[in-house]
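Laboratory data are not the source of any read-out in this text; all were calculated from the coordinates shown. Values in this document were obtained by computation on a predicted structure and should not be read as measured data. Positions of Cβ are generated from backbone atoms using ideal geometry, with glycine treated the same way; all protein chains shown enter the neighbour counts.
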Amino acid sequence: MRYRVLWALVLSAVSGIAAAHHSFAMFDSDHQIRLTGKVEEFTWQNPHIYIHLQAKNAKGKLADWVIECANPGILNRAGWKFNMIKKGDQLTVVVAPLRTGEPGALLKQVKLADGRIFGNGGPAGPPNISIEDGKPLAAGAKP
Amino acid sequence: MKAGVALPLGLALLTLGACTPKTDQAAASAAAKPAAAAFDAKDFSGTWERYPQSTENSGQDPTVVPRPEPIPPPPLKPEFKTAWEAEQKKIDAANKAGEPIATGYTHCIPDGMPAMMMAMFPMEVLQTQRQTTIIQEAYNQVRRIYLNDTLPAVEDAEPGFWGHSTGKWEGNDFVVETIGIKDNVRFRNAPHSAAMRIHERMRVIDANHFEDDVTVEDPDYLTGPWKWKWVYQRRPNYKMYEYVCEDNREYADPVTGKARMRMDKKK
């Protein structure tokens with residue numbers, strides 16, 4: 001419940017996002033996955049912020065994931081801060097993986113070590129699985 | 001709650017106005033239907049965002065002023081229309097296949113005109129006696145509209161992303177004409193010639209909104225004027241973020257032209 005309240009706060013703060021820069025079609029938003037791992041690198045820059053996350057894949061093998069986020073403008077407006085993620089942090093994310101099978105993905109939602117949950121701005125779209133347990137969210141439910 | 005955070009200033013003022021004690025009947029009637037907040041019809045200055053926002057939960061009330069009609073396709077001459085439609089189909093098919101074609105954005109190329117005015121991100125308008133300056137947060141784009149200036153002849157206009165613009169007042173309408181857009185600066189992938197002219201008629205419609213009626217003319221490529229409207233809502237007290245397209249890990253595959261993603265760490 002606490003996270004739902006936080007998510008509502010995040011959503012309410014998201015504004016000023018008129019359009020995506022580009023198509024997100026390279027990412028498979030229909031088959032989102034949940035990853036937990038350690039931050040190897042966090043780059044706060046345009047046109048995209050990236051999180052390098054060392055996390056296990058579906059087969060339990062460690063991989064270096066490159067996770068694309070929106071840009072500093074969008075995420076500042078969504079309540080993010082440039083220093084809220086640091087190298088070595090433990091994160092849980094819900095992402096839409098690349099269709100190519102490479103360990104790259106588009107962020108849908110991130111849960112920080114302190115429990116705070118953030119979305120990735122409007123154009124990136126919402127998660128369709130729970131960041132708590134990876135189970136599908138009911139259609140139309142607030143994540 | 002969703003609307004609460006970014007409650008438009010006008011609505012906030014109206015709410016405050018409705019709380020003011022009234023004594024006579026006219027005032028009581030006014031309280032029942034509060035008057036619109038006063039505004040300066042020639043004041044475009046401030047920070048704005050496109051209205052209505054395309055995403056849910058934007059904090060905007062999309063019913064405050066009428067939303068503009070969708071932008072029609074460019075009225076290209078038949079000899080250009082076929083190729084344009086084929087290109088659109090190719091883009092759609094690539095998206096459906098999950099292999100989007102790289103665009104100028106992939107290469108960190110800014111919109112230019114008129115695409116800049118779609119206001120992908122918030123924009124700031126600065127008005128001085130000599131010029132009106134519009135800054136778009138995405139790609140730090142800047143266009144300068146010089147007041148009552150004389151545009152160069154089309155053949156003498158050095159091509160650029162934002163071209164050459166002059167503006168004048170016609171009543172409360174700010175009328176802007178722009179020429180000199182580079183050939184490779186496209187809006188909706190529509191080709192154009194050096195003879196393209198972008199006419200804009202901007203007007204403040206209430207305390208929190210202004211509209212931009214855009215008309216593109218190009219005797220070489222278009223059968224007639226290409227018209228649409230953009231509307232913007234004030235974003236009071238917003239401070240624009242810088243935007244340097246520093247390092248895009250998305251890139252164009254040199255063979256297929258499709259967008260790909262680099263897996264390495266920061267360059």
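In percent, rounded to a whole number, the relative contact order of segment B:99-174 is 24, using alpha-carbon pairs under 8 Å and six or more apart.
Candidate cross-link partners of residue B:90 among the aspartates and glutamates, defined by an alpha-carbon separation under 13 Å and a same-chain spacing of 8 or more, comprise B:99. With a simple spin-label model that places each label point 7 Å from the Cα along the Cα-to-Cβ direction, the separation between residue B:256 and residue B:205 comes to 4.3 nm.
Each of residue B:42 and residue B:223 was given a label point 7 Å from its Cα along the Cα-to-Cβ line. The distance between the two points is 4.1 nm. Beyond 23 Å in Cα-Cα separation lie the following of the pairs A:86/B:239; A:38/A:111; B:96/B:258; B:182/B:239; A:81/A:111: A:86/B:239; B:182/B:239.
Within segment B:160-206, the proportion of Cα pairs with more than 14 Å between them is 54 percent. Take the Cα coordinates of segment A:23-93, assign each an equal point scatterer, and use the Debye formula without solvent to give log10 I(q)/I(0) at q = 0.15, 0.25, 0.26, 0.27 Å⁻¹. Reported log10 I(q)/I(0), two decimals: -0.53, -1.23, -1.27, -1.29.
With the convex hull drawn over the C-alpha atoms of segment B:110-206, the volume per residue is 106 Å³.
So if we plug the beta-carbon distance of residue A:112 and residue B:154 into 1/(1 + (r/R0)^6) with R0 = 56 Å, what FRET efficiency do we get, rounded to 0.05?
0.50
Computed extension length for residue B:146-residue B:247: 33.0 nm, one decimal, from 0.36 nm per residue of separation with the Cα-Cα distance subtracted.
Among the residues of A:62-68, the average count of other protein chain beta-carbon atoms within 10 Å of the residue beta-carbon is 2.
Straight-distance candidates among the aspartates and glutamates for linking to residue B:77, with alpha-carbon spacing under 14 Å and chain neighbours fewer than 8 residues away dropped: B:85, B:217, B:218, B:220.
All Cα-Cα separations within segment B:218-267 were binned at 10 Å from zero, giving a P(r) of 15, 19, 18, 38, 9, each value a whole percent of the pairs.
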